[in-house]
Amino acid sequence: MTKIAQLSSALHNKSLSRNLLTDVVGTVPDDHYCITHALGFLRLLLGRTVLGPIYLHFWKNYKNYLQSADLTIHRHAVAIECIVLTGIIQNANYDWIESPEGHQMLFEKRFDGSHGQLSPTLQTGNAIIRDEECLTAGQYYSIPLGQFHRSRALEAPPAMTIVQFLETEKSTAMIVAPREFQARQLSYASEKIDKRQTRALIDQAIAAIAEMDLD
């Protein structure tokens, strides 16, 4: 079994070890670069498994990378499983309540190269918060298929997370936005970070893993 497959299994079983994490993060291929994400983090592909890709998310400079605070409530096209390496992640889950008088609208998200195109669905309603939790280093969490949520990093130290996308079952990715946004051309843009910065972030992740209470 490859190291990335071992990481996938250990993440699912909530049994990650410091050595395994260090091995995987420390051997990221040179052609893998960090990419900015509109939800406020940098994303680095660690590898791919039969279940789907595994990413390392860096939430450093969270507010600098956040494209719009009005476009943060979303649902993924797949379920995800995560662990926090360092910092604090605040995750809130939402219920979508359809209503003709709703103040919000669902936008379908589809990728076109490095951009995510957002198209209004004309489904109006309101996203109502169901629960919220703050997760710290060593804590696991998951987002089931179809669940609307919003994650953000709290203040220092910078947060880092590992995220497994489970592509065995898929839905449609959606963004919740104010209904008046239907008249706008909306998209999610991303940019590649250079190799030097990517290497520096990998070194920070390895240092953070060394401090985790896993073994």
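Fewest-first ordering of F58, F107 by other beta carbons within 10 Å of each residue's beta carbon gives F107, F58.
Which value in deg cm²/dmol, rounded to the nearest 500, describes the helix-derived mean residue ellipticity at 222 nm for the chain, given -39,500 (n - 2.57) per DSSP H run of n ≥ 4 and division by the residue count?
Working: 4 runs with 39 residues, N = 215.
Here the helix-only value at 222 nm equals -5500 deg cm²/dmol.
For the stretch 1-127, the Cβ-based charge dipole about the Cα centre amounts to some 420 debye (Lys, Arg positive; Asp, Glu negative; other atoms uncharged).
The phi-based Karplus calculation (6.51 cos²θ - 1.76 cosθ + 1.60; θ = phi - 60°) puts the 3J(HN,Hα) values of the stretch 63-68 at 5, 5, 8, 5, 6, 7 Hz, whole numbers, x for Gly and Pro.
Could you please rank R75, R110, placing first whichever residue has the fewest other Cβ atoms within 10 Å of its Cβ?
Fewest-to-most Cβ neighbours within 10 Å comes out as R110, R75.
Under a 5 Å amide H cut-off, with hydrogens placed 1.01 Å from N, Y94 pairs with R130, F148, H149 among residues at least 5 apart or on other chains.
Where does each of S151, S8 land when they are ranked from fewest to most other beta-carbon atoms within 10 angstrom? Don't skip to the answer; put the middle values down first.
Values: S151 22, S8 25.
Fewest-to-most ranking of S151, S8: S151, S8.
Here the chain is treated with +1 on each Lys and Arg Cβ and -1 on each Asp and Glu Cβ, and its dipole about the Cα centre works out to around 400 debye.
What does the charge count near T172 come to, summing +1 for each Lys or Arg and -1 for each Asp or Glu among other residues with Cβ under 9 Å from its Cβ? Each step should come with its number before you reach the end.
Numbers: positive: R75, K109, R110, K170; negative: E108.
Taking every other residue near T172 into account, the sum is +3.
Straight-line reach from K63: taking Cα to Cα under 14 Å and skipping same-chain neighbours fewer than 8 places apart, the aspartates and glutamates in range are E155. Seen through its C-alpha gyration tensor, with square-root eigenvalues sorted a ≥ b ≥ c, the chain comes out prolate because a/c lies at 1.5 or above while a/b is bigger than b/c. Under a 5 Å amide H cut-off, with hydrogens placed 1.01 Å from N, G52 pairs with E167 among residues at least 5 apart or on other chains.
Values in this text are rule-based calculations from the coordinates and carry no lab data. Predicted model, so just to flag it, every value in this text is computed and none were measured. A quick note on method: Cβ atoms are made from the backbone with ideal geometry, for glycine too, and the neighbour counts reach across all protein chains shown.
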